[in-house]
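The values are calculated or read from the model by the stated rules, or taken from the named source; none is laboratory data. Note that the structure is predicted; figures quoted are calculated from it, not measured. Because the Cβ atoms are built from the backbone with ideal geometry, glycine has one as well, and the counts that use them run over all protein chains shown. With ligands, DNA and RNA removed, areas are computed over all heavy atoms of the protein, side chains included. Shrake-Rupley method; radii C 1.70, N 1.55, O 1.52, S 1.80 Å.
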Amino acid sequence: MFHYLLKRIGLSVVIVLCALLALFLLLHLIPGDPATIALGPRATPEAIARYAAKMHLDEPILLQFQIYLFNALSGDLGVDVFSERSVTRIVLEALPSTLILAAVGLLWAALIGVPLGCISAVRPNSWFDRLTGVISVATIAIPSFLVSIWSLLVFAVILKWLPVIGAGEPGDLADQAYHLVLPAFAVGLSWVGYLARMVRASMLEVMNETYIRAAHAFGLEPRTVVFRYALKVAILPTITLIGIGFGGLLSSALFAEIIFTRPGVGKLIYDMVMNRNFPVVQGAVLITTGVYVLINLGADLVVAWLDPRVRDSL
Amino acid sequence: MIEDKLNRRTFLASSAMVGGATLFGLPLFARDASAQATKLIARTNGDISILDPGYMIGDAEIEMQNAVLPVLLNFHIGDDGVYGWQPSVYVEKFEERDPTHYDFVLKPGFMWTNGYGEFTAEDVKYTYERIKTTDWSGNFEALDRVEVTGKYSGTLVLSQPYAPFTLLGLTSGPAAILCKAAMLKVGEKFTTEFPATCGPYVFQWTPKQKLSLRPNPEWTGPKPAFAEVDVLIITEASAAELAFEAGEVAVTEITASTYSRYKDNPPPNGAIHVAGALQYMWLGMNTEHPKLSDIRVRKAIQHAVDAEQIIQGAYDGTTEKSNGIICPGLIGHRKATKYSYDPEKAKAMLAEAGVSGLQLELKTLNEQERVLAAQIIQSQLAAVGITVKVIPLDSGPFWEMGDDKKGDPKNLQIWLMRFGTNPDPQEATQWFTSDQVGVWNWERWKSDEYDALYKQGIAESDEEKREAIYLRMQEIMEDTGAYVWVNHEPEVVVHRKDIKVDVLPSGEMRFRAFTKA
């Protein structure tokens, strides 16, 4: 397990370093002068010179990368060149909102999707199983931004039951929860289908195992057999799916944040791209990449811990 | 199996109950629109970056400065629709003694927050002499010094006559006055927190979410109609428009396409307000390019392009036809062009120049309306035998393409360009002088008469004479054949009918002047 842990962490570090390089090159691959693009066509020469100095654009490119790498590795992602606020602080202010949105979206999807998958597997080929299959495929097929737009139009604009924009008053948990309903619904909907299909497939496999038949033969309660014995094993591939799919969930959160004008990392990146605020874009993408890598690492380690066969597969 | 406890009926029934309770319970949370009676909820399209008037970036910062900082003059639109100024609520008297001396007297009793005492003439002197050293020094370059003659009185002394000083300098964003004592304490520069304010509101900031204005308990001036203002940061115009339709926002700027939709059919309880049109778009031609160096070819293009078709086709008829670079409401705004849409005349001029099978590249910013406008021009020029290739560009290469140092001006042929301006003709005319060739004068023509008139226009304070100067300058531009004037895009807001809005022609909202209709 220790060797697996080392290898997996090493791979994660390589991924983060690649992301760092890509983000650095991004600034230099954009057509045009980065300072003029960021400050606008009418920026004064003095403002452009100040920007270039702050971003080290007047240094040789290798030295620029060295400075960028050293600063990033020491936790300094620079400052917003306009407001001079710390990029790390700006991103960390936005991150909890995105994580809460993704987690709540995933949670409600799991609460619906996992039981749906279980019942479908317990009664395969019944009308309930077929209906669940159709609904699952439908929810997987509908892009989350479309769900966001339609749910916003129906529940917020037409019915006026839920808010169109924002994340609620800071400090008012009820208001924040009220503002979370629609975005979380939009983010989680496709996961209902994913989880239902994945749990059903795994459960069908597990339900035919001899130890499940033995459990039934011993007269255990059906609910106990399904949820305590079968689901415990069948859920393993689902954990991996959640880990791998969390990146997709962050993308869905990005759309939801833009459409519902919720503060979060996705909205932050979008706004900063629009404003050509490169240091914040670089910092936000780097931190998001780090979160994504960490979650994947966590999921892989959990699976390796539960299933020793996986440890030899890397 | 499990049907005795967890069967499909139980599951479906439970799900239906939970779902029904949620859906039918939600309306209980729906907000009461009357909650906005004393609190105004508006929208801005971006967060603040730097509130310091010397280093600010955009619209939201100016809106907040307007709400919490004093100024000498306010922008004002006269009954004749012409832009001008009037003394602000802080000012007892403001008058032009001569073209280089402006005397002011402040009203006593306006207090700075955070215990910094009274607003005095020393604050005016500090602010305007400081602004000359900042990024926004442009409109204050003619200011030599501020002489303080009393606690509340002083004189703004210019180094030379500069007619736009009052309108461009003293009503613009950088004219917001700062508290000298507070500024000295914070090191003469600030970013997102005002060191001290002196207005009906105090400012609070929730980053990336909203800008809040709350009552200033020390304010002794006229009370604003709305005790509190929340300005929600909504980047996307379409999201803001939905928020307005859902009743969550009382006023927001709208896009050209939404203006077109709302113009004849506004949303319930909504009204449209056109704040102004301080933008001018034209089709530019490089007079030094071999394909366009013959003025007859350029004039043929002037006759071949119909701006009305572009306005209808790309802007749904929501913009005003342009006849020059000076926008509606400003001194020197033209009512007509010397050329007219006449494809037959265009063909004849091309034939006279001996040009056939002409192929041109039309460059434009890669934005929906611009690309559509470019395609309409493409079809109009095709009708007179000119083949046009439309090349949409991102903002980086677009804004550099005519620059001598960064772009490739020798190969630039024709392009669609839009500039924004402010309420004085000097701003728009400054980009086309001889020293701007290869900087912003991408058409690359020079005129001694134009350069001389530019200097005269700045120094001339007589409005009739200024009008004549700026009309002639646009005529000179048009006579080069390098311009086809297209349109002036307006700044439009939609607002609740029970609110009377106050929006500057450049789109910034003055919340302290909002009233209840």
Can you name every one of the helices (runs of 4 or more DSSP H) wholly within region B:264-380 that holds 2 or more residues which are free of Cβ contacts under 8 Å to residues at least 24 places away in the same chain? B:343-352
What's the number of the condition B:Pro161 fails, among (1) more than 19 Å from B:Gly54 (Cα to Cα); (2) surrounded by fewer than 22 Cβ atoms within 10 Å (Cβ to Cβ); (3) at pLDDT 95 or above? (3)
Of all residues making up region B:176-198, the number that are in contact with a strand residue (DSSP E or B) (Cβ under 9 Å, 6 or more places away or on another chain), closer than 22 Å to A:Ser83 by Cβ and crowded, with 17+ Cβ neighbours inside 10 Å: 3
For the structure I just gave you, tell me whether B:Leu26 is within 14 Å of chain A (Cβ to nearest Cβ), open to solvent by less than 20 Å² (accessible area, probe 1.4 Å), modelled with pLDDT under 80 and over 16 Å from the mean Cα position of the chain (by Cα). yes
The correct count of residues that are part of a loop (DSSP other than H, G, I, E, B) and either surrounded by 21 or more Cβ atoms within 10 Å (Cβ to Cβ) or more than 9 Å from chain A (Cβ to nearest Cβ) (or both) in region B:218-238 is 11
Matching residues in region B:241-290 (acidic (Asp, Glu) and within 17 Å of the chain's Cα centre (by Cα)) number 1
Taking the options A:Ile165, A:Ile239, name whichever one is within 25 Å of the chain's Cα centre (by Cα) and facing chain B (nearest Cβ under 10 Å). A:Ile165
Checking the condition within 12 Å of another protein chain (Cβ to nearest Cβ) and either hydrophobic (A, V, I, L, M, F, W, C) or touching a helix residue (DSSP H, G or I) at 6+ places or on another chain (Cβ under 7 Å) (or both), which residue from A:Val199, A:Val147, A:Val192 passes? A:Val192
Residue hits (region B:90-114; open to solvent by 40 Å² or more (accessible area, probe 1.4 Å) and among the β-branched types (Val, Ile, Thr)) are B:Val105
When you go through A:Ala167, A:Ala174, A:Ala184 one by one, which is the residue that is of a type in the set (Gly, Ala, Ser) and more than 17 Å from A:Gly264 (Cα to Cα)? A:Ala174
All but one of (1) over 27 Å from A:Gly290 (Cα atoms); (2) under 33 Å from the mean Cα position of the chain (by Cα); (3) basic (Lys, Arg) hold for A:Arg50; state the number of the condition that does not hold. (2)
Any chance you could count how many residues in region B:239-259 are more than 9 Å from every other protein chain (Cβ to nearest Cβ) and open to solvent by 40 Å² or more (accessible area, probe 1.4 Å)? 3
Residue in region A:5-26 that is open to solvent by less than 20 Å² (accessible area, probe 1.4 Å) and within 14 Å of chain B (Cβ to nearest Cβ) present: no
Do you know which of the residues in region B:207-217 that are closer than 18 Å to B:Asp59 by Cβ and without any contact (Cβ under 8 Å) to a residue 40 or more places away in the chain is nearest to the other protein chains (Cβ to nearest Cβ)? B:Gln209
Can you tell me which residues in region A:119-141 are more than 10 Å from chain B (Cβ to nearest Cβ) and open to solvent by 70 Å² or more (accessible area, probe 1.4 Å)? A:Asn125, A:Arg130, A:Val134, A:Ile135, A:Val137, A:Ala141
So which residues in region B:115-135 are in contact (Cβ under 8 Å) with a residue 12 or more places away in the chain, more than 16 Å from B:Val71 (Cα to Cα) and buried (at least 16 other Cβ atoms within 10 Å of the Cβ), if there are any at all? B:Tyr116, B:Thr134, B:Asp135
Take region A:128-174 and flag every residue that is more than 21 Å from B:Ala237 (Cα to Cα) and of a type in the set (A, V, I, L, M). A:Leu131, A:Val134, A:Ile135, A:Val137, A:Ala138, A:Ile140, A:Ala141, A:Ile142, A:Leu159, A:Leu173, A:Ala174
Within region B:398-437, residues among the small types (Gly, Ala, Ser) and either in contact (Cβ under 8 Å) with a residue 24 or more places away in the chain or touching a Pro at 6+ places or on another chain (Cβ under 9 Å) (or both) come out as B:Gly402, B:Gly407, B:Gly420, B:Ala428
